[in-house]
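The values are calculated or read from the model by the stated rules, or taken from the named source; none is laboratory data. The model shown is predicted, which means the values in this text are computed figures rather than measured ones. Because the Cβ atoms are built from the backbone with ideal geometry, glycine has one as well, and the counts that use them run over all protein chains shown.
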């Protein structure tokens, strides 16, 4: 089985190799596919991210969600976990964090508890169709959503990975602290565990 560090390097290079135009087309295709899904249509409080390093860009989907009246949140790193801050595209001020990633400037009344989110769109480096997600190795999502290990997979929030189709692998090695995804949406397909489809 391939080592996680090796897979991170390979998939990171694959993502970054995509041209700007290929990235734009992939982001548009994702938005067209995912906005029709009940898992997206039912969600009112949606956490997303701002893409870096070739991640599949959710901005077209964020724009669509905003037009539908959904409330969007972006992650902010605090210590070894994430908090989620209300985000209005083009309005909310953004500042770089310690990794150079833009995060929304926030006050405490703009923060939502992770348990109150309906849908969390997560970036990733690789995925499999069994709910496996390979992140960058920081563990921020796994620690923040550790409470989901004690809940049924269908419990709120729904964790949905976003990825380019080329990031799919047959099987990912997992650790006991990994939080499984309910599905993954790519620019070509949407893979949902059965309980997320209804």
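Structure above, values below:
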item	result
Residue in the stretch 109-119 that is out of contact with any helix residue (DSSP H, G or I) (no Cβ under 6 Å at 6 or more places or on another chain), buried (at least 17 other Cβ atoms within 10 Å of the Cβ), at pLDDT below 95 and in a loop (DSSP other than H, G, I, E, B) present	no
Filter result for the condition that a residue is surrounded by 15 or more Cβ atoms within 10 Å (Cβ to Cβ), closer than 28 Å to residue 147 by Cβ, over 15 Å from the mean Cα position of the chain (by Cα) and touching a residue at least 40 places away in the same chain (Cβ under 8 Å), over 42, 8	8
Single match in 61, 50 (criterion: touching a helix residue (DSSP H, G or I) at 6+ places or on another chain (Cβ under 6 Å) and surrounded by 12 or more Cβ atoms within 10 Å (Cβ to Cβ))	61
Any hit, the stretch 21-43, residues being within 21 Å of residue 114 (Cβ to Cβ), assigned to a strand (DSSP E or B) and modelled with pLDDT of 95 or more	no
Pairs, first surrounded by 14 or more Cβ atoms within 10 Å (Cβ to Cβ) in the stretch 134-156, second in a helix (DSSP H, G or I) and at pLDDT below 80, C-beta under 8 Å, six or more apart	153/195
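Listed here are the residues, each with its yes/no results for (1) over 23 Å from residue 30 (Cβ atoms); (2) touching a residue at least 24 places away in the same chain (Cβ under 8 Å); (3) part of a strand (DSSP E or B).
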position	(1), (2), (3)
63	no, yes, no
82	no, yes, yes
86	no, yes, yes
89	no, yes, no
95	yes, no, yes
99	yes, no, no
103	no, yes, yes
106	yes, yes, no
